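Asks: To start, I am sharing the structure in question, which I have written as structure tokens.
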Amino acid sequence: MSTVLITGAAGFVGSHLVDRYLNDGNFVVAVDNLITGAGRNLDSARRSERFTFVDADVAAPWQPIFAAVEGRATPPDLILHFASPASPIDYFKFPVETMAVNSFGTNYCLQAARRWNARFLYASTSESYGDPLVHPQPESYWGNVNPVGPRSCYDESKRFGEALTMAYARSTDANVRIIRIFNTYGPRMRADDGRVVSNFIVAALRGEPLTVHGDGLQTRSFCYVDDLVEGIVRCASSVQTQGRVVNLGNPGEYTVLDLAKMIGEIVGTSLAIDIQPAREDDPARRRPDISLARQLLGWEPRTGVVDGLRRTVEYFRAVQSPV
């Protein structure tokens, strides 16, 4: 039985990780300041005696977190750093906070990992590749990122977090690994998070046109959250991933218009498309090379995109009344 500390624990992916580690019999310390997370995502976790919630900003000094954690019999032996605004709407609204949590916050997490002799996993992003010139994107690709563009508060702070994590790996005894997460979807996505899957589903359920930026031929890969969580758990526990970067995502590639058509068919309605201007620095293509995850973790996604979208539509139907 382990103790796992998860930052950004009330977020979409973070809350699923909380549930997974609790279900596996572990103690979980969840840290979140709820700037973009939702307390309701932790409702089921709060019923467990093995769950502790700490309302704190991981980019600020960690005295409140140390006080909450170190009174326990066993300090964390794994830290999963997922605290960061992760959708364009959120990091456009909180650009400084985004940069702080991926720089100061990552440094505090790494210091805590050394203090507790804990393994550390840094949740980075496919945005580290920017608008890629290599397709699909392997971990060895350095990326094509605009360092001063509108998305740079997220792209570049995640890249800095990766660099800081590897600096600790090279200069200390820190036991670290990095994952680059590609587009993920599923229950607990926010209706207003600005991601293409949630935007399309919410609009479809309301009978509204689906807003497409650009020509709709830009591609994305869509990984169901349960598959991603399985990959994260395997990566966090693997000796082979120490000091390495691993892509986690679904290598299936779809255009935005393909996605719109699938969601329309699942919802059972004919939907209009509202074409808007392309967003600045929006990647034209995005698809992970997951050869390394297959090799090191024996992992690949198991959920087909239609099945995953169907489950996600049912979630939004249950939590939201169309208007």
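The values are calculated or read from the model by the stated rules, or taken from the named source; none is laboratory data. Computed from a predicted structure; not experimentally measured. Here the Cβ is made from the backbone with ideal geometry for all residues, glycine too, and neighbour counts use every protein chain on show.
Asks: Output the number of residues of the range 183-206 satisfying the condition of being over 19 Å from Val306 (Cβ atoms) and touching a Pro at 6+ places or on another chain (Cβ under 7 Å).
Replies: 2
Let's see how each residue does on (1) under 14 Å from Ile201 (Cα atoms); (2) of a type in the set (Val, Ile, Thr); (3) crowded, with 20+ Cβ neighbours inside 10 Å; (4) out of contact with any Cys (no Cβ under 8 Å at 6 or more places or on another chain):
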site: Asp226; (1), (2), (3), (4): no, no, no, yes
site: Gly249; (1), (2), (3), (4): no, no, yes, no
site: Thr255; (1), (2), (3), (4): no, yes, no, yes
site: Ile275; (1), (2), (3), (4): no, yes, no, yes
site: Ala278; (1), (2), (3), (4): no, no, no, yes
site: Pro283; (1), (2), (3), (4): no, no, no, yes
site: Gln295; (1), (2), (3), (4): no, no, no, yes
site: Arg311; (1), (2), (3), (4): yes, no, no, yes
site: Tyr315; (1), (2), (3), (4): yes, no, no, yes
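Asks: Right, another one. Could you check the range 206-323 for strands (runs of 3 or more DSSP E) lying wholly inside it with 3 or more residues that are more than 21 Å from Phe182 (Cβ to Cβ) and out of contact with any helix residue (DSSP H, G or I) (no Cβ under 7 Å at 6 or more places or on another chain)?
Replies: Output list reads 273-276.
Asks: What residue, among those in the range 184-223 that are crowded, with 17+ Cβ neighbours inside 10 Å and basic (Lys, Arg), is farthest from the chain's Cα centre (by Cα)?
Replies: Only one residue fits best here, namely Arg220.
Asks: Condition first: in contact with a Phe, Trp or Tyr (Cβ under 6 Å, 6 or more places away or on another chain) and buried (at least 19 other Cβ atoms within 10 Å of the Cβ). Now tell me which residues in the range 228-238 satisfy that.
Replies: Taking the range 228-238 and keeping what is in contact with a Phe, Trp or Tyr (Cβ under 6 Å, 6 or more places away or on another chain), we get 231, 234.
Selection gives Gly231 alone.
Asks: Only one of these conditions is not met by Ala30: (1) free of Cβ contacts under 8 Å to residues at least 60 places away in the same chain; (2) surrounded by fewer than 20 Cβ atoms within 10 Å (Cβ to Cβ); (3) closer than 16 Å to Ser2 by Cβ. Which number is it?
Replies: It fails just one condition, (2).
Asks: Right, next: For residues that are surrounded by 18 or more Cβ atoms within 10 Å (Cβ to Cβ) and either outside the structural domain of Val239 (by TED's automatic domain parsing) or hydroxyl-bearing (Ser, Thr, Tyr) (or both), tally how many sit in the range 51-80.
Replies: 1
Asks: Across the range 103-125, what is the number of residues that are polar (S, T, N, Q), out of contact with any Leu (no Cβ under 9 Å at 6 or more places or on another chain) and over 20 Å from Met189 (Cβ atoms)?
Replies: 2
Asks: Exactly one of these conditions fails for Ser124: (1) over 16 Å from the mean Cα position of the chain (by Cα); (2) part of a strand (DSSP E or B). Give me its number.
Replies: Result: Ser124 passes all but (1).
Asks: Right, here's the next one. Is at least one residue of the range 171-179 aliphatic (A, V, I, L, M), surrounded by fewer than 17 Cβ atoms within 10 Å (Cβ to Cβ), more than 21 Å from Gly194 (Cα to Cα) and over 20 Å from the mean Cα position of the chain (by Cα)?
Replies: Checking the range 171-179: not a single residue is aliphatic (A, V, I, L, M), surrounded by fewer than 17 Cβ atoms within 10 Å (Cβ to Cβ), more than 21 Å from Gly194 (Cα to Cα) and over 20 Å from the mean Cα position of the chain (by Cα).
Asks: Condition (residue is touching an Asp or Glu at 6+ places or on another chain (Cβ under 8 Å) and of a type in the set (A, V, I, L, M, F, W, C)) applied to the range 257-275: is it met by at least one residue?
Replies: Yes, there is a match, as at least one residue in the range 257-275 is touching an Asp or Glu at 6+ places or on another chain (Cβ under 8 Å) and of a type in the set (A, V, I, L, M, F, W, C).
Asks: Name the residue that is nearest to Pro288 (Cα to Cα), counting only residues in the range 139-156 that are surrounded by fewer than 23 Cβ atoms within 10 Å (Cβ to Cβ) and in contact (Cβ under 8 Å) with a residue 60 or more places away in the chain.
Replies: Glu139
Asks: Let me ask something else about it. For the range 1-77, please list each of the strands (runs of 3 or more DSSP E) lying entirely inside it that holds at least 3 residues being touching a Pro at 6+ places or on another chain (Cβ under 8 Å).
Replies: In the range 1-77, the matching strands (runs of 3 or more DSSP E) lie at 3-7.
Asks: Also, quick follow-up: Restricting the search to the range 264-323, which residues are among the polar types (S, T, N, Q), more than 21 Å from Gly216 (Cβ to Cβ) and at pLDDT below 95?
Replies: Gln320, Ser321
Residue-wise test of (1) over 21 Å from Val29 (Cβ atoms); (2) touching a residue at least 24 places away in the same chain (Cβ under 8 Å); (3) within 17 Å of the chain's Cα centre (by Cα).
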position: Gln63; (1), (2), (3): no, no, no
position: Ala67; (1), (2), (3): no, no, no
position: Pro75; (1), (2), (3): no, yes, no
position: Leu80; (1), (2), (3): no, yes, yes
position: Phe94; (1), (2), (3): yes, yes, yes
position: Leu110; (1), (2), (3): no, yes, no
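Asks: Looking at (1) crowded, with 20+ Cβ neighbours inside 10 Å; (2) touching a Lys or Arg at 6+ places or on another chain (Cβ under 8 Å), which one does Ile263 not meet, given that it meets all the others?
Replies: Condition not satisfied by Ile263: (2).
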